[in-house]
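Values quoted throughout were computed directly from the atomic coordinates according to the rules given, and no laboratory measurement underlies them. Computed from a predicted model, the values in this text were never measured in an experiment. Every residue, glycine as well, gets a Cβ built from its backbone with ideal geometry; the counts of neighbours run over all protein chains shown.
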Amino acid sequence: MQNKIIFFKNIGLIDWIITSDKMNRFTEKRNSFTFDEIWFVEHYPVFTKGLLEKNYSIISKNNFINNIPVMTSNRGGKITYHGPGQQMLYFLIDLKRRQINIRQFIDIMHILIVETLNYFSIKSKTKKKFPGIYANDKKICSLGLRVKKGCTLHGLSLNVDMDLTPFNYIHPCGDLYIKMTQIKEFNAFLTLEDIRIVLINKISQLLNVKIIKKLCL
């Protein structure tokens with residue numbers, strides 16, 4: 001029964017550190033009977049460094065870049081930026097119970113975004129050696145996961161309608177040549193709510209969820 005239900009939570013705009021703490025506590029406390037959850041979140045401006053980051057950007061001793069805080073995350077990947085207008089999806093999924101390995105789940109995440117963007121007539125693709133989703137050869141979605149106790153933490157960030165300027169202060173995902181884009185540059189009329197509705201439907205199909213519990217959507 002647990003595999004047929006996912007709780008979708010639209011948390012809204014919140015500090016990254018609060019979400020990170022709640023996500024880690026949720027994973028520590030969960031058991032085989034805990035329902036999976038997916039959190040839809042926006043963050044106040046923040047840079048986060050993944051476990052593979054080796055300080056590709058110049059960070060002051062106070063851990064700020066251009067007055068934006070830099071936080072260390074336990075996800076995979078390198079450095080990226082989060083801000084209002086970017087849709088974060090945090091996947092708290094029991095992979096063992098769903099009999100999905102991490103590679104398969106990453107593929108599901110890629111398919112989710114490509115099909116969602118395609119629904120809005122935005123063509124996108126993956127790149128073999130570079131994780132994430134690209135539209136017009138610019139990155140529109142970044143991925144960063146961690147697996148603990150057979151369950152996923154963290155997830156993806158989809159650029160919708162945000163200020164992309166802070167990406168210029170870093171090498172996004174550790175790549176000097178990456179340029180960022182967002183949905184607004186392809187369709188200025190789409191809202192985060194429009195995107196969420198399609199994402200929920202696509203996730204439900206990809207994870208074979210029959211019962212959807214929407215909280216605060």
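Between Tyr177 and Ile102, what is 0.36 nm times their sequence separation minus the Cα-Cα distance? Round to one decimal in nm. It would help to have the intermediate numbers written out before the result.
Working: separation 75, 0.36 × 75 = 27.00 nm, distance 2.73 nm.
Fully extending the segment from Tyr177 to Ile102 adds 24.3 nm.
Quick query: amide H of Leu164 versus all other amide H atoms, modeled in the peptide plane; which residues come in under 5 Å with a sequence gap of 5 or more or a different chain?
HN-HN under 5 Å from Leu164: empty list.
Could you list log10 I(q)/I(0) for the stretch 2-210 at q = 0.09 Å⁻¹, which the Debye formula gives when each Cα is one point scatterer?
Results for the stretch 2-210 at q = 0.09 Å⁻¹ read -0.32.
How far apart, in nm, are the 7 Å Cα→Cβ label points at Glu28 and Lys148?
In this crude spin-label approximation the distance works out to 0.7 nm.
May I ask you to sort Ser32, Ser124 by Cβ crowding, counting other Cβ atoms within 10 Å and putting the fewest first? Don't skip to the answer; put the middle values down first.
Details: Ser32 9, Ser124 22.
So the residues, fewest neighbours to most, are Ser32, Ser124.
Tell me whether the stretch 108-184 comes out rounded, prolate or oblate; compute the Cα gyration tensor, take square roots of the eigenvalues as a ≥ b ≥ c, and use a/c under 1.5 as the rounded threshold. Before the final figure, lay out the partial values.
Values: a/c = 1.68, a/b = 1.17, b/c = 1.44.
Judged from the Cα gyration tensor, the stretch 108-184 comes out oblate (a/c at least 1.5, b/c at or above a/b).
Once you order the gyration tensor axes a ≥ b ≥ c over the Cα atoms, which shape class does the stretch 69-142 get: rounded for a/c under 1.5, otherwise prolate or oblate by comparing a/b with b/c? Don't skip to the end; give the middle numbers.
Working: a/c = 1.63, a/b = 1.07, b/c = 1.52.
Oblate shape, in that a/c is at least 1.5 and b/c is the bigger or equal ratio.
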